[in-house]
Amino acid sequence: MLQNIRVVLVNTSHPGNIGGAARAMKNMGLSRLVLVGPRIFPSAEADARASGATDILENAQVVATLEEALIGCSLVFGTSARDRRIPWPLLDPRESGVKVVEEAGRGAEIALVFGREDSGLTNDELQRCHYHVHIPSDPDFSSLNLATAVQVLSYEVRMSWLAAVGQPSKVEKHEVASTRSEELATMDEMERFYGHLEQTLVAIDFLDPEKPRHLMARLRRLYGRSSVSRAEMNILRGILTETEKAARGELLKRKDQ
């Protein structure tokens, strides 16, 4: 699916932006780069900015016109930084990501077209696009770096692709530990913890057993909804033990005084 999507950069003036765009593409799983009349390419600066994505630069297609870049495409998205008063279908990056993946999934060849750093795409070029894509940046500072714009759209394409293929968009971090430590504490272990907790709170004069004021009930409710694991239980019990030791030491000091 993603191999049906090409990123087209028109008349890019700074080779570093080509390298940055290639890196942004590779980050998001896109691999097809088409360059329309780049001012300087190939370039050592582009390679440096690609930072590991030089394979995309090596395989980039260089053409003279936008028409050549779009050969075989059935759906074209053109990025536009400002309202040119052209009555054309307009999408935001998220909407475009969804549309791109839907059509690419049906086998369509898709192009994401980005214009010049200083002036973007011309009106004639935009009229060759089926949709215009506007990144809703802050109006007070709306101009995005070319590679940044590529990153934004590539990210939205990837998020839509992950959803389409049923892959998670985030990877849960799991604590590296034994199976036992990942298990939840049992009820009897929790009861021993509550007894230890109450004993410690009394020792440090935080809990008055004559006037408990429902403190232990509230603490039970707190820990009860926390899904305490056995590893976490060991930590809590260790803290309580050391707290009791410190309390006894402080009591002995007071007696000596």
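All of the numbers you see were taken from the coordinates with simple rules; none came from a lab. What you see is a predicted model, and the numbers here were worked out from it, not measured in a lab. Cβ: placed from backbone, ideal geometry, glycine included. Neighbour counts: every protein chain shown.
Quick one: which residues, 5 or more positions from Val113 or on another chain, have an amide H under 5 Å from its amide H? H modelled 1.01 Å from N in the peptide plane, none for Pro or chain starts.
Answer set, sorted by chain and number: Val8, Phe77, Gly78, Thr79.
To the nearest 500 deg cm²/dmol, what mean residue ellipticity at 222 nm is calculated for the chain from DSSP H runs of n ≥ 4 alone, each contributing -39,500 (n - 2.57), summed and divided by the residues?
Working: 11 runs with 123 residues, N = 257.
Computed ellipticity for the chain at 222 nm equals -14500 deg cm²/dmol.
Explain nothing, just the number: dipole magnitude of the chain about its Cα centre with +1 on each Lys and Arg Cβ and -1 on each Asp and Glu Cβ, in debye rounded to the nearest 20. Spell out each step's value before the answer.
On the way: 32 positive and 35 negative charges, 123 e Å.
Its charge dipole is roughly 600 debye.
Charges only on Cβ, +1 for Lys and Arg, -1 for Asp and Glu: so what's the dipole of segment 1-149 about the Cα centre, in debye to the nearest 20? It would help to have the intermediate numbers written out before the result.
Values: 14 positive and 18 negative charges, 24 e Å.
I would put it at about 120 debye.
Quick query: amide H of Ser229 versus all other amide H atoms, modeled in the peptide plane; which residues come in under 5 Å with a sequence gap of 5 or more or a different chain?
Ala185
Restricting to Cα atoms and excluding each atom paired with itself, what does the Kirkwood estimate give for segment 28-97 in Å?
Working: mean 1/r = 0.0683 Å⁻¹.
When all Cα pairs of segment 28-97 are included, the Kirkwood radius is 14.6 Å.
Short version: ³J(HN,Hα) in whole Hz for each residue of segment 48-64, in order, from phi by Karplus 6.51 cos²θ - 1.76 cosθ + 1.60 (θ = phi - 60°), x for Gly and Pro, what are they?
Values, residue by residue: 5, 6, 5, 6, x, 9, 5, 4, 5, 5, 5, 9, 5, 9, 10, 10, 8 Hz.
Expressed as a whole number of Å, what is the distance separating the alpha-carbon centroids of segment 213-257 and segment 91-166?
Rounded to whole Å, the Cα centres lie 55 Å apart.
Running a GNM on the chain with Cα contacts under 10 Å, which residue among Thr122, Thr148, Thr243 ends up with the highest mean-square fluctuation?
The residue with the greatest mean-square fluctuation here is Thr243.
Val63 versus Ser227, label points 7 Å from Cα toward the beta carbon: distance in nm?
For Val63 paired with Ser227, the spin-label model returns 5.1 nm.
Could you point to the label whose value was computed as semi-axes √(5λ) of the Cα gyration tensor in Å for the structure here, given [x] 62, 20, 19; [y] 32, 22, 16; [z] 28, 20, 18?
Comparing each candidate, only [x] matches the computed number.
By how many nm would the segment from Glu244 to Met190 lengthen if fully extended, with 0.36 nm per residue of separation less the alpha-carbon distance?
On the way: separation 54, 0.36 × 54 = 19.44 nm, distance 1.86 nm.
Extra length from Glu244 to Met190 when fully extended: 17.6 nm.
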